[in-house]
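Shown next, in C-alpha cells, is the structure this report addresses.
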Amino acid sequence: MATTVKKTTKRKKNLVIVESPSKAKTIEKYLGSTYKVVASLGHVRDLPKSQMGIDIENHFEPKYISIRGKGDVIKGLRKEAKAAKKVFLASDPDREGEAIAWHLSYLLGLDPTDTNRVVFNEITKDAVKDAFKNPRSIDMKLVDAQQARRVLDRLVGYSISPVLWKKVKKGLSAGRVQSIALDLIIKREQEIKAFIPEEYWTVDAEFKKQRNKFKATFYGLANKKEKLTNNAAVQAILAKLDQTADFTITNVVKKERKRQPQPPFTTSTMQQTANTQLNFRTRKTMMAAQQLYEGINLGGKEGTVGLITYMRTDSTRISAGAKADAAQYIHTEFGADFAASKPRTTKMQEGAQDAHEAIRPSSVFRTPTLIKDKLTNDQFKLYSLIWSRFVASQMTAEVLDTMTVTIEQNGVSFKANGAKTKFAGFTKAYPAAKEKDNVLPDLVLGDHVNLVKLDPAQHFTQPPARYSEAALIKALEENGVGRPSTYAPTLDTIQRRNYVKLEARRFEPTELGMIVEEVIREFFPDIIDIKFTANVENKLDNVELGKEEWVKVIEDFFGPFEKEVKVAEENLEKIIVKDELAGFDCEVCGAPMVVKLGKYGKFFACSRFPDCRNTKAVIKEIGMVCPICGLGQVVERKSRRNRVFYGCSRYPECEFTSWDKPLTRNCPHDQHFLVEKKVKGGKQVVCPNGDYEEDIQK
C-alpha cells in the first residue's frame with residue numbers, strides 16, 4: 001500500500017522594520033509569531049559626504065545614496081521583504097522617522113501610498129497592537145519637511161565650510177543652529193568683558209525673641225526702601241542705631257501662597273532639568289532616554305517594555321488615559337486632597353509642533369523604586385525625574401504660609417521673610433521642587449525683639465553668567481531656533497570644532513570660535529540673525545502642515561545666500577590662526593612646540609610640521625610620584641571616550657593606572673595610597689582596598 005506524504009508549506013510572516021535591535025526585540029514580543037521584526041540600524045540612505053549632493057539647477061533635487069557600510073543591512077532587508085507576506089515600516093513617530101520609512105520604501109521597492117506605516121508614541125503592548133490595527137500610508141508632508149531641513153542645512157554647511165577651510169583653517173564647519181549657538185555664547189562673553197561692577201552694601205541682622213533667633217536684612221529709612229552704595233552710607237545707618245536697645249515689630253503681613261506644578265517634560269525641559277539637577281550632559285540625557293523608550297528587560301511576565309513615551313517632543317499634552325491612571329495612582333498613594341480636581345491642561349509654547357505627547361512614564365504604576373534593580377544608575381536617575389515630574393503635574397498646588405515682618409528702631413527698618421509648608425501638594429511626589437522652609441518666630445505687631453548682631457558687607461554687582469548647557473538650550477528654544485532633536489548634536493559640534501570649551505560647566509568661546517563667528521557675522525549676517533533663523537524654522541514647520549512647498553522655501557533662502565557666498569569667496573582675506581605656544585622646544589629639531597587640537601583633544605606638535613613630525617601628548621602632573629615604580633610622575637590622561645584617568649608618566653615601562661585621583665596620603669589601616677572618588681554631592685577620600693571612609697575622613 002502506497003503511503004502519501006503530506007506537504008507542509010511554510011507560512012509567510014509579516015515583516016516589521018524599526019531602527020534599533022533593542023526596539024525590534026521589544027516589539028516582536030508583543031506582536032507574536034506571525035510577525036518578524038528587524039532593525040535598519042538607523043538611516044539607510046543619505047546625501048553623500050564627499051560632495052554637496054544637491055542638484056541646485058533642478059529644483060534642489062537631493063542625490064541620495066545608500067550609506068556606506070549599510071550594504072549588508074540593505075541586502076538583508078531586501079531578502080526579508082521579498083519573503084514576507086507584508087512589510088510594515090515602524091520607525092520613530094517624527095519627521096526623521098517618517099523620512100527613514102520613505103527611504104526604506106524606496107530601497108525595498110514598496111508602494112509609498114500603501115498603508116504600511118505604523119507609528120506609536122510608547123513601546124507598550126497595548127500601544128503597539130493598537131498601532132498595527134490602524135496603519136497608514138507614508139505622510140509625504142512630514143517627509144518633505146525633513147527633506148527641506150536636510151537640504152537647507154547641507155546648502156549652508158557645504159557652502160560656508162569650504163570658505164572657512166580656504167580662508168581660515170581646515171576642518172572648520174558652519175551650520176544654521178550651531179552658528180546661532182556660537183553667537184549667543186560670544187555675545188554673552190562680550191557682555192561679561194564690557195561689564196563694569198558697581199559697589200553696593202548690605203546690612204544683615206540677627207534678632208531674637210526670647211530664645212528664638214531669626215535673620216533680617218536692612219530695608220530702608222522711614223519705611224522707604226534705601227540703597228546702600230558705599231561704606232559711608234552704611235556707617236550713617238549704624239550711627240542711628242542703639243544696638244543695646246530693643247527693636248519694635250511695626251508690621252506683620254501673613255499670606256497664603258500657592259505654587260502650581262510644572263507641566264510634564266518636553267525634550268528641552270528634560271535636558272535642562274537633567275543638567276541642573278542630575279549634572280547630566282545633554283548627550284548623556286538623550287542616550288539614557290533612548291534606552292528607556294526602546295525598552296528595558298524587567299523580567300517576569302512583563303519582560304522587555306518601553307518605560308517612557310517618545311523622548312523627542314515639544315508638546316506638554318498628555319493623553320486622557322494617562323491622566324486617568326495618574327489620578328487613580330495619586331488617590332491611592334497620596335489621597336484625594338493631592339489629586340487635581342480637574343485634569344490639568346497646559347498652554348503650548350508658541351511654535352511647538354505638538355506632534356505627540358509630553359515625555360511621561362508609559363505606566364504611572366511602574367514606580368522608580370519598583371524597577372530600580374533593573375535599571376542602570378543613569379537610567380534610574382532619569383526615569384525617577386520623568387516619573388516624578390509627570391505625577392506632580394497632575395497634582396494639587398503646594399500651599400505655603402508666608403510671613404513678612406518689619407523691624408524698626410530710630411527710623412531704620414529691617415525686613416524678615418519666612419515661609420512654611422502648609423500643604424505639600426505636588427511636592428509629595430516631586431521633593432526636588434519643594435521650597436525650603438524658613439520659619440520665623442510667632443511675632444505680632446508691637447513686639448519687642450533684641451539685636452544679636454549686625455553684619456555689614458560690601459558687594460559688587462556681577463556680570464551675567466556664561467551659558468551652561470541648560471541655559472543655552474533654554475535660550476535656543478525661547479528664540480525659536482532648532483528643534484528638540486538638534487540641541488544635543490549642536491552642542492557636541494561646537495565643542496568638537498574647538499569653537500567653545502567647557503570651563504566649570506560653562507561655555508567659553510575660544511579664539512578660533514571668535515574668528516569663525518566674526519567671519520559669519522560679516523559675510524553671512526542672516527545665518528546668525530535669530531529672527532531670520534526662527535522665521536526659517538516656522539517655514540519648515542509650515543511645510544509639515546502643507547501650507548508651504550519645500551522647494552519654494554529653499555529657493556527663497558538660497559537666492560540671497562548664494563550671493564553672500566560669492567562675496568565672501570572674493571572679498572574675505574586669508575586669516576592666520578596662530579597656534580598656541582607650548583612653552584618648550586622640540587626635542588628633535590629645537591623648534592618651538594605648539595598646541596594642536598586633534599580627534600581626541602589637545603596635543604603638542606612641532607611648529608615645523610610637516611618637516612618635523614614630532615608630537616607629544618599633553619600631560620598634567622598632579623604632584624605625586626608613581627606609587628608602583630617610584631620613578632615616574634602620576635599624570636592626568638584622557639581615554640578615547642574623553643574620560644579622565646591617571647597613570648604613570650613612564651608608560652609603557654610602568655603600567656600603573658587609576659580611574660580615581662591618587663593622593664599623597666596613605667591609608668592609616670594598610671598604608672595603601674588613598675584616592676579621591678567622585679560621589680553624589682561631591683568627592684570622598686577612600687582606600688581602594690577597603691571600606692574605611694569614616695576613619696579616613698576623621
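The values are calculated or read from the model by the stated rules, or taken from the named source; none is laboratory data. The model shown is predicted, which means the values in this text are computed figures rather than measured ones. Note that each Cβ is placed from the backbone with ideal geometry, even for glycine, and that neighbours are counted across all protein chains shown. Only protein heavy atoms, including side chains, enter the accessible area calculation; ligands, DNA and RNA are left aside. Shrake-Rupley method; radii C 1.70, N 1.55, O 1.52, S 1.80 Å.
For the reader, a short list of remarks on this structure follows.
- Among the conditions (1) in contact (Cβ under 8 Å) with a residue 24 or more places away in the chain; (2) surrounded by fewer than 22 Cβ atoms within 10 Å (Cβ to Cβ), Thr115 misses just one, which is (1).
- Screening Lys70, Lys23, Lys82 for residues that are of a type outside the set (A, V, I, L, M, F, W, C) and open to solvent by 60 Å² or more (accessible area, probe 1.4 Å) leaves exactly one candidate, Lys82.
- Complete set of residues in the range 543-559 that are of a type outside the set (Asp, Glu), within 14 Å of Ala148 (Cα to Cα) and surrounded by fewer than 17 Cβ atoms within 10 Å (Cβ to Cβ): Leu545, Gly546, Lys547, Val551, Lys552
- Which numbered condition Lys75 misses (of (1) modelled with pLDDT of 95 or more; (2) touching a Lys or Arg at 6+ places or on another chain (Cβ under 9 Å); (3) of a type in the set (D, E, K, R)): (2)
- Residue within the range 93-101 that is open to solvent by less than 80 Å² (accessible area, probe 1.4 Å), under 26 Å from Tyr293 (Cα atoms), assigned to a loop (DSSP other than H, G, I, E, B) and touching an Asp or Glu at 6+ places or on another chain (Cβ under 7 Å) present: no
- Residue that is nearest to Ala239 (Cα to Cα) [pool: residues in the range 352-409 that are assigned to a helix (DSSP H, G or I) and of a type in the set (D, E, K, R)]: Arg389
- Members of the range 237-283 found to be within 25 Å of Pro456 (Cα to Cα) and in contact with a Phe, Trp or Tyr (Cβ under 7 Å, 6 or more places away or on another chain), listed by number: Ile237, Phe247
- Any chance Tyr64 is out of contact with any strand residue (DSSP E or B) (no Cβ under 6 Å at 6 or more places or on another chain), more than 15 Å from Asn116 (Cα to Cα) and crowded, with 17+ Cβ neighbours inside 10 Å: no
- Residues of the range 311-324 classified as under 16 Å from the mean Cα position of the chain (by Cα) and not aliphatic (A, V, I, L, M), total: 3
- Considering residues of the range 688-698 that are assigned to a loop (DSSP other than H, G, I, E, B) and open to solvent by less than 80 Å² (accessible area, probe 1.4 Å) only, the residue modelled with the lowest pLDDT: Tyr692
- Test: residue in the range 26-43 that is basic (Lys, Arg) and open to solvent by less than 30 Å² (accessible area, probe 1.4 Å): no
- Neighbours by Cβ (under 6 Å, 6+ apart or cross-chain): first from the range 331-342, under 12 Å from Lys428 (Cα atoms); second among the β-branched types (Val, Ile, Thr) and part of a helix (DSSP H, G or I): Phe338/Ile330; Ala339/Ile330
- Entry remark, the range 512-570: residues being among the β-branched types (Val, Ile, Thr), within 27 Å of the chain's Cα centre (by Cα) and farther than 30 Å from Asp94 by Cβ number 2 in total.
- The C-beta contact set for the range 565-591 (first residue at pLDDT below 85 and open to solvent by less than 100 Å² (accessible area, probe 1.4 Å), second residue among the charged types (D, E, K, R) and assigned to a strand (DSSP E or B), distance under 8 angstrom, 6+ apart or interchain) comprises Asp579/Lys596.
- The residues listed here are Leu228, Leu241, Leu221; of these, the one that is touching a Pro at 6+ places or on another chain (Cβ under 9 Å), open to solvent by less than 80 Å² (accessible area, probe 1.4 Å) and more than 30 Å from Asn571 (Cα to Cα) is Leu228.
- A count restricted to the range 261-303 and to residues that are hydroxyl-bearing (Ser, Thr, Tyr), closer than 16 Å to Lys29 by Cα and open to solvent by 20 Å² or more (accessible area, probe 1.4 Å) stands at 0.
- Which listed residue is in contact with a Lys or Arg (Cβ under 9 Å, 6 or more places away or on another chain) and not hydrophobic (A, V, I, L, M, F, W, C), from Lys620, Lys616, Lys638: Lys620
- Taking the range 221-299 as the region of interest, the helices (runs of 4 or more DSSP H) fully inside it that hold 1 or more residues being under 21 Å from the mean Cα position of the chain (by Cα) are 267-278, 282-294.
- Among the residues making up the range 122-144, those that are among the aliphatic types (A, V, I, L, M), part of a helix (DSSP H, G or I) and either closer than 18 Å to Leu110 by Cβ or free of Cβ contacts under 8 Å to residues at least 60 places away in the same chain (or both) are Ala131, Met140, Leu142, Val143.
- Selected residue [modelled with pLDDT of 95 or more, surrounded by 22 or more Cβ atoms within 10 Å (Cβ to Cβ) and on the phi < 0 side of the Ramachandran plot] from Met403, Met395: Met395
- Against the conditions (1) assigned to a loop (DSSP other than H, G, I, E, B); (2) surrounded by fewer than 20 Cβ atoms within 10 Å (Cβ to Cβ); (3) touching an Asp or Glu at 6+ places or on another chain (Cβ under 8 Å), Ile318 satisfies every one except (2).
- Odd one out for Val551 among (1) touching a His at 6+ places or on another chain (Cβ under 8 Å); (2) in a strand (DSSP E or B); (3) not basic (Lys, Arg): (2)
- Meets criteria (over 18 Å from Phe460 (Cα atoms) and among the hydroxyl-bearing types (Ser, Thr, Tyr)) for Thr202: no
- Residue in the range 467-520 that is surrounded by the fewest Cβ atoms within 10 Å (Cβ to Cβ), counting only those that are more than 22 Å from Val163 (Cα to Cα) and touching a strand residue (DSSP E or B) at 6+ places or on another chain (Cβ under 7 Å): Lys501
- Every condition in (1) in contact with a Lys or Arg (Cβ under 8 Å, 6 or more places away or on another chain); (2) surrounded by fewer than 17 Cβ atoms within 10 Å (Cβ to Cβ); (3) under 30 Å from Ile27 (Cα atoms) is met by Asn134 except one, and the failing one is (1).
- Residue match in the range 198-216 (condition: open to solvent by less than 40 Å² (accessible area, probe 1.4 Å), more than 30 Å from Lys678 (Cα to Cα) and of a type in the set (S, T, N, Q)): yes
- Residue in the range 381-392 that is open to solvent by 10 Å² or more (accessible area, probe 1.4 Å) and out of contact with any helix residue (DSSP H, G or I) (no Cβ under 8 Å at 6 or more places or on another chain) present: no
- Positions within the range 566-612 being within 18 Å of Trp165 (Cβ to Cβ) and assigned to a strand (DSSP E or B), in sequence order: Lys596, Leu597, Gly598
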